[in-house]
Amino acid sequence: MSLLCLVILAIPGQLFDVSRCGGTSRPFKGRYKKNFFTYHEILFIEPRHRPTPTLHSPNPLHHAPIPTLLARLTGPMLLGIVAIHAFNLIDTFFIGMLGTDALAAVSFTFPVTFVITSLAMGLGAGLSAVLGHTLGQGRHEEAARFTTDALFLAVLLIVVLAPLGALTITPLFRLLGASGPLIALIHDYMAIWYLTMPLLVLPMVGNAAMRATGDTRTPSLIMAMAGLLNGLLDPLLIFGWGPLPALGIKGAAIASSLSWLMATLGSLHILYRREQLLRLQLSAKPQLLLHWQAMLHVALPAAFTNMLNPLANALLMVLFAGLGTEAVAAYGAASRVEALLLIVMMALSSVLAPFVSQNTGAGHPLRARAALMLAMRFAIVFQLLLYAMLWLLAPYIGPLFSRNPAVIGAITLYLSLVPLGYGCQALVMLLASALNGVRASAISLLFNSLRLFGFLLPAAWIGAKLGGLGGIYTGILLANLAVGILAYLYALTRFEPLCRRRCP
């Protein structure tokens, strides 16, 4: 339904008749002045006459009608996100069968694993933004050298972080509140996790490189196959079968590692053989450092952006805790429903970044802007339709999570109120992704920080003081509406000039 809506929405979207339009390139004249952007902007300088692209030529990202293209790219991405969620659920299900202690031990690892995952996602965003821009210019050899250098940087960072993590397992998790019996289980799990951490990061960054080429299908298939392998190995290694001993929580870590290994091999094989985006040697040191700086310019703000939501949720939880256990339980359940309601927007935002980066690289700022505005209109309409259905179903969802009347009432109130603002929340997600695509992740970080710490948390705190639980929900809704409007206005007025400045 969501993909059909995206195509239908494009009909009035011919307000911007740019599904095949471009923008004027600005040929490079003279030298750049030495400023903050000097060292990464110089990577995108090219002659007046560009070489003919050798990858996916003619590139549909530059010429295909925007609505159908976004719909076609979003579908596989949606599958990939579902596969990742399934991966996590499978692990949780089988570890839960080991008992409460094992489940609690793995739950304690979530903050640490989330930090590493956020770093990997940030590195992927940095690689995707620069690579998409370079491919948009048709400079395939430069793109291949950049991808090789970027993947090496990802491995280098993890190789440095992994031993530090392994050496601090006990003190770190004691600091997080884990008790003596759980520490041993955590150590069993995390020792293997840290050892095989590069196998987690490499496919995440490598798949981002594939998405930068406009291929969302292959990365999704790789993650789906990894999730399937994990589901097959978990019971065999956790509980044992035939000659395989029961390894308990260690078996869960080994199963995940083997599935990551498969994903790593698949990702690297595609990048090397099919896309020809890997080389067997690194760039010379000056170019290598330029590549790393260009990647980190996007990656670090993007990684911090990924870490903001859990931090804000933790602070929100403090407000809910002040209203009782029922309020905390209701918020936890409603958050799980929220993740499902925003999954299409997550997929669409993941597609938007490579689309924008390739089109700015190809000198099509109007096309990049048109895609963002179309995605934003779709987000509003789609999320309002979801809200209408959810408003009718809200009284029946609460009993699925609890039998406590107070919890059911709180869940119903949340789902009747807060999702009205999910369309505006999606506007911020889409703008942030598009900003990453034009290598303006610092502005993306600013918008997300503004939403969470400038609007959402203060509004929720004021709401708690004025209206208790309902006041918090109202505050969250109003904050999302306010920042969503700001995001839309920014996209409407400032995004195209930003794209033009990033065009070659």
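The values are calculated or read from the model by the stated rules, or taken from the named source; none is laboratory data. Since the model is a prediction, treat every value here as computed from it, not as a measurement. With ideal geometry, Cβ positions are generated from the backbone for all residues, glycine too; neighbour counts draw on all protein chains shown.
Things to note:
- Residue check for Ala208: within 28 Å of Val82 (Cα to Cα), of a type outside the set (Phe, Trp, Tyr), out of contact with any strand residue (DSSP E or B) (no Cβ under 7 Å at 6 or more places or on another chain) and in contact (Cβ under 8 Å) with a residue 60 or more places away in the chain: yes
- Scanning the range 247-278 for residues that are crowded, with 21+ Cβ neighbours inside 10 Å and either of a type in the set (Lys, Arg) or farther than 23 Å from Leu98 by Cα (or both) returns Ala263, Thr264, Ser267, Ile270, Leu271, Glu275, Leu277.
- Among the residues of the range 437-454, those identified as out of contact with any Gly (no Cβ under 9 Å at 6 or more places or on another chain) and in a helix (DSSP H, G or I) are Ala442, Ile443, Ser444, Leu445, Leu446, Phe447, Asn448, Ser449, Leu450, Leu452, Phe453, Gly454.
- Taking the criterion of being in contact with a helix residue (DSSP H, G or I) (Cβ under 7 Å, 6 or more places away or on another chain), aliphatic (A, V, I, L, M) and either assigned to a loop (DSSP other than H, G, I, E, B) or closer than 16 Å to Ile254 by Cα (or both), the residues of the range 72-102 that qualify are Ile90, Ile95, Leu98, Ala102.
- Pro301 being exposed (fewer than 15 other Cβ atoms within 10 Å of the Cβ) and closer than 29 Å to Phe152 by Cβ: no
- Selected residue (criterion: surrounded by the fewest Cβ atoms within 10 Å (Cβ to Cβ)) from residues of the range 89-122 that are under 12 Å from Asp234 (Cα atoms) and of a type in the set (Phe, Trp, Tyr): Phe93
- Close pairs from the range 101-113: first at negative phi, partner surrounded by fewer than 19 Cβ atoms within 10 Å (Cβ to Cβ) and part of a helix (DSSP H, G or I), Cβ under 6 Å, at least 6 apart: Leu103/Gly96
Yes/no matrix, rows are residues, columns are (1) on the phi > 0 side of the Ramachandran plot; (2) surrounded by 21 or more Cβ atoms within 10 Å (Cβ to Cβ); (3) of a type in the set (Gly, Ala, Ser); (4) over 25 Å from the mean Cα position of the chain (by Cα):
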position	(1), (2), (3), (4)
Leu280	no, no, no, yes
Ser283	no, no, yes, yes
Leu311	no, no, no, no
Met317	no, no, no, no
Val328	no, no, no, yes
Ser349	no, yes, yes, no
Asn359	no, yes, no, no
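- Any hit, the range 207-223, residues being in contact with a helix residue (DSSP H, G or I) (Cβ under 6 Å, 6 or more places away or on another chain), among the basic types (Lys, Arg), part of a helix (DSSP H, G or I) and buried (at least 24 other Cβ atoms within 10 Å of the Cβ): yes
- Exactly one residue out of Ala166, Ala150, Ala125, Ala178 is surrounded by 15 or more Cβ atoms within 10 Å (Cβ to Cβ) and outside any helix (DSSP H, G or I): that is Ala178.
- Matching option when the condition is farther than 30 Å from Pro60 by Cα, of a type in the set (Ser, Thr, Tyr) and touching a residue at least 24 places away in the same chain (Cβ under 8 Å), among Ser220, Ser257, Ser179: Ser257
- Of the residues making up the range 71-100, those that are of a type in the set (S, T, N, Q) and within 18 Å of Ala224 (Cα to Cα) are Thr74, Asn88, Thr92.
- Single condition Tyr194 does not satisfy, out of (1) in contact (Cβ under 8 Å) with a residue 40 or more places away in the chain; (2) in a helix (DSSP H, G or I): (1)
- Filtered by the rule that a residue be assigned to a helix (DSSP H, G or I) and either small (Gly, Ala, Ser) or within 15 Å of Cys503 (Cβ to Cβ) (or both), the range 128-139 gives Ser128, Ala129, Val130, Gly132, His133, Thr134, Leu135, Gly136.
- Flag if Leu244 is surrounded by fewer than 19 Cβ atoms within 10 Å (Cβ to Cβ) and in contact with a helix residue (DSSP H, G or I) (Cβ under 8 Å, 6 or more places away or on another chain): yes
- Set side by side, the residues Ala86, Ala71 differ, and just one is buried (at least 17 other Cβ atoms within 10 Å of the Cβ) and either touching a residue at least 40 places away in the same chain (Cβ under 8 Å) or more than 30 Å from Ile238 (Cα to Cα) (or both), which is Ala71.
- Tally, over the range 226-278, of residues that are more than 18 Å from Ala150 (Cβ to Cβ) and in a loop (DSSP other than H, G, I, E, B): 7
- Residue match in the range 448-458 (condition: under 15 Å from Leu316 (Cα atoms), of a type in the set (Ser, Thr, Tyr) and out of contact with any helix residue (DSSP H, G or I) (no Cβ under 6 Å at 6 or more places or on another chain)): yes
- Residue among Ser350, Ser357, Ser416 that is over 29 Å from Arg494 (Cβ atoms) and touching a helix residue (DSSP H, G or I) at 6+ places or on another chain (Cβ under 9 Å): Ser416
- Residues of the range 98-117 satisfying the condition of being among the aliphatic types (A, V, I, L, M), at pLDDT below 85 and more than 18 Å from Leu172 (Cα to Cα): Leu103
- In this structure, Gly423 does not qualify as surrounded by fewer than 18 Cβ atoms within 10 Å (Cβ to Cβ), within 26 Å of the chain's Cα centre (by Cα) and not charged (D, E, K, R).
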